[in-house]
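A short worksheet on the structure shown next.
Derivation of every value follows stated rules applied to the coordinates shown; laboratory data play no part. Because the structure is a prediction, the values reported are computed rather than measured. Please note: Cβ atoms are built from the backbone with ideal geometry, for glycine as well, and neighbour counts cover all protein chains shown.
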Amino acid sequence: MFSTATAIHLDMMAPAMALRLLVVAVVAAVVSCAVAADEGSVVEVWPMPATASKGGQTLHVSRELRMTAEGSKYADGEAILKDAFQRMVTLIELDHVINGSSQGLPLLAGVNVVVHLPGDELNFGVDESYNLSVPATGNPIYAQIEAQTVFGALHALETFSQLCNFDFTSRLIELQSAPWSITDMPRFPYRGLLIDTSRHYLPVPVIKSVIDSMTYSKLNVLHWHIVDEQSFPIEIPSYPKLWNGAYSYSERYTMDDAIDIVQYAERRGVNVLAEIDVPGHALSWGVGYPSLWPSATCKEPLDVSSESTFQVINGILSDFSKVFKFKFVHLGGDEVNTSCWTSTPRVKAWLAQHGMKESDAYRYFVLRAQKIAKSHGYEVINWEETFNNFGDKLDRRTVVHNWLGGGVAEKVVAAGLRCIVSNQDKWYLDHLEVTWDGFYMNEPLRNIKNPAQQKLVLGGEVCMWAEHIDASDIQQTIWPRAAAAAERLWTPFEKLSKEWEIAALSARLARFRCLLNHRGIAAGPVTGYGRSAPAEPSSCIKQ
């Protein structure tokens, strides 16, 4: 999670910034040359598909582009596919006025979508693969999408949208380089982005915008770090005073808000992972229920000696189970300073009565919270400190969430547990000094050679801790660096760019960053640090 070392501001970077800006000009020139050199060969899709081939024909896209479903077994009763198609059409138009004529070029009339499975439940590990083909000839010409599930079809529509551009000559949408044949599937089932609504409140429309932006690079888990020591912004019907710990009356989420966010995400193929961090990072809980604090003067971690503490956790997870349908819940467990337990006479006496040291009580708390979560049907994710301190005692279905640094995943999977990689030196977005190439080159399977152990790495997650971001700057802090990690998590290892291919990769990412900007996502420049401003007047693709 967050440590004081992560609170890096741009003004602290001033000594290095001059050198970085010098490099920016060189990189921009290299990017420009790479763009010119690779115009005919680069597949301008992010993340890079597993396989892709293209031709040389340009098609115009019909102003009345249609979606058909000939041969599909998916009824689309919830209109998930229909709505996704309409969003895709809006994206490719980019708010331009489409009023031209085809001028004799072949016309793409529609997209036929075949989904082989009838269900639309977003289970973890759901098949997200797809095939996309766009022929160069036909009467009429239809693109073809084939997927096992509707969620694979959603990814195919996103890929299709990236093949289309507005043609300023014809005033129509064009699709270049037909015929296309793309076969694609994710490398990892868990491809996450963490947002933090305790350090700064994020309005619901901002959260939805983040979800939309995730789908553009095929991320599929929104890790919602809802509460922390600073604020408790969400309604808990079982314990209605908990959200007294919110920053203000208006900086809150009702349960209906949470349901709306979850459903919004699911319709876009994104699961929402809810987190309550226990027993540390929970000072805000006691604003509404002071009995959760060890004492009025020593307020966290939560009181391990009180049964009411675990009753409250049970109530929260019971309410969560009605809203957050993802199979996992995150219970934190990191950065636990147990000194309040030994400095509070009542708690200290309870420890002695039960023959526990502080470390024993920490383990007892985490394991008991795990049992409560399991009773509500959840599998548990915990931050890595729980593994580092008592990994052999964790429930064997525990997923260990790495954050402190490299080398943890290989230890976790060697112990037979599952792992999610988020090592802070590479995949923490609040570390503004980590540039996009550091995100891209961070390999979750580093030093893990055993195929059975490799399967225990579920994937990875980039983390947007919110000590220094809010609604005003979250998107330019997330993007485009999160997209670099997204390709690492989606694209087959053998198709990923190598360090010596960084110039061409930078050109591709710059184009994707421009696409995000066109779609209303305030992605920062590729060159420079995280959340940097453009260095000088220039084309988007050179920044």
Under a 5 Å amide H to amide H cut-off, with H placed in plane at 1.01 Å, what residues pair with Gln57 once short-range neighbours are removed? Ser177, Ala178
Please work out, to two decimal places, the log10 of the ratio I(q)/I(0) at q = 0.11 Å⁻¹ from a Debye calculation in which every Cα of the chain carries one identical scatterer. -1.00
Low-density loop trypsin sites (Lys or Arg not before Pro), segment 388-418, at most 10 other Cβ within 10 Å, DSSP non-H/G/I/E/B, are Arg396
Multiply the residue gap between Ser375 and Lys73 by 0.36 nm, knock off their C-alpha separation, and tell me the result in nm, one decimal place. 105.2 nm
Computed FRET efficiency, Cβ-Cβ of Ser343 and Lys322, R0 41 Å: what is it to the nearest 0.05? 0.60
Label-point separation (nm) for Ser539 and Glu251, each offset 7 Å from Cα along Cα-to-Cβ? 4.3
Highest mean first, how do 257-269, 154-166 rank when packing is the count of other Cβ atoms within 10 Å averaged over residues? 154-166, 257-269
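Please give the contour-minus-distance gain from Lys241 to Ser295: 0.36 nm per residue of separation, less the Cα-Cα distance, rounded to one decimal in nm.
Gain on extension, Lys241 to Ser295, equals 17.6 nm.
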Asserting the computed 222 nm helical MRE of the chain (DSSP H runs at least 4 long, -39500 (n - 2.57) per run, divided by residue count, to nearest 500) equals -10000 deg cm²/dmol
Please list 3J(HN,Hα) in residue order for segment 518-529, calculated via the Karplus relation 6.51 cos²θ - 1.76 cosθ + 1.60 where θ = phi - 60°; whole Hz, with x for glycine and proline. 4, 8, x, 9, 7, 6, x, x, 6, 6, x, 7
Each label sits 7 Å from Cα toward the beta-carbon; between Asn447 and His96 the label points are separated, in nm, by 5.0
How big is the convex hull of the Cα atoms of segment 190-501, per residue, in Å³? 127
Helix 307-321 versus the longest principal axis of the chain: what is the Cα-based angle in degrees, 0 to 90, to the nearest 10? 20
Under Stokes-Einstein, segment 469-543 at 25 °C and 0.890 mPa s, with its Kirkwood radius over C-alpha pairs, diffuses with a coefficient in µm²/s of 189
Zone residues, segment 400-441, relative to Phe493, backbone N less than 14 Å from point 7 Å out along Cα-to-Cβ: 410
Give me a comma-separated list of calculated 3J(HN,Hα) values for segment 156-166, in order, Karplus coefficients 6.51, -1.76, 1.60 applied at θ = phi - 60°, integers in Hz, x for any Gly or Pro. 5, 5, 5, 4, 4, 4, 6, 7, 9, 9, 6
Quick P(r) readout (segment 215-303; Cα-Cα; 10 Å bins; whole %) gives 17, 42, 27, 12, 2
In whole Hz and in residue order, list the ³J(HN,Hα) couplings for segment 395-406 that follow from phi through the Karplus curve 6.51 cos²θ - 1.76 cosθ + 1.60, θ = phi - 60°; x for Gly and Pro. 3, 5, 8, 5, 9, 8, 9, 5, 8, 6, x, x
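What relative contact order, as a whole-number percentage, does segment 190-501 give when Cα pairs under 8 Å and 6 or more residues apart are counted? Each step should come with its number before you reach the end.
Values: 591 pairs, mean separation 55.8, N = 312.
Here the relative contact order equals 18 percent.
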